[in-house]
Amino acid sequence: MEFSYKITEMSTVKTIEHSGETVEVKVLPVSNYKAWLSVEADGAGGSKVIWKAKFYRGYMNNNPPAELNEEAGIGAITNVFKMGLSNLKKIVGG
């Protein structure tokens, strides 16, 4: 089984001043986010979930602020994956 999704809009949590401009910091500090989930049999009577995503940092220009750099984006998406997989495990009882 497979499922894919794309986030096209996100709420803004705050605005910051960076390089002389006002920049919006979104709930997830990334842009162009698309993800895929698949569930496969693991051979021992269970299942394996594979969750992959592609995205860019939240600030597309050079010299991103800390809130919108690569590390912020990777950290936020890693947390989404951890929480999502943990909740999935609770739901299916694994």
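The values are calculated or read from the model by the stated rules, or taken from the named source; none is laboratory data. This one's a predicted model, so the numbers in the text were calculated from it and none came from an experiment. Cβ sites come from the backbone with ideal geometry, for glycine too, and all protein chains shown count toward neighbours. Accessible surface is based on the protein model in full, side chains and every heavy atom, while ligands, DNA and RNA are left aside. Shrake-Rupley method; radii C 1.70, N 1.55, O 1.52, S 1.80 Å.
Is there a residue being surrounded by 11 or more Cβ atoms within 10 Å (Cβ to Cβ), β-branched (Val, Ile, Thr) and closer than 25 Å to Ile91 by Cβ anywhere in the range 61-76?
Checking the range 61-76: not a single residue is surrounded by 11 or more Cβ atoms within 10 Å (Cβ to Cβ), β-branched (Val, Ile, Thr) and closer than 25 Å to Ile91 by Cβ.
Based on this model, can you work out whether Ile91 counts as modelled with pLDDT of 95 or more and on the phi < 0 side of the Ramachandran plot? Can you show your working first?
Values: modelled with pLDDT of 95 or more: no; on the phi < 0 side of the Ramachandran plot: yes.
Answer is no for this residue.
Residues of the range 77-94 being within 8 Å of the chain's Cα centre (by Cα) and open to solvent by less than 80 Å² (accessible area, probe 1.4 Å), which ones?
Those that are within 8 Å of the chain's Cα centre (by Cα) and open to solvent by less than 80 Å² (accessible area, probe 1.4 Å): Ile77, Thr78, Val80, Phe81.
Taking the residues in the range 12-39 that are open to solvent by 80 Å² or more (accessible area, probe 1.4 Å) and over 13 Å from the mean Cα position of the chain (by Cα) as candidates, determine which candidate is farthest from Lys82 (Cα to Cα).
Ranking the qualifying residues of the range 12-39, first place goes to Gly20.
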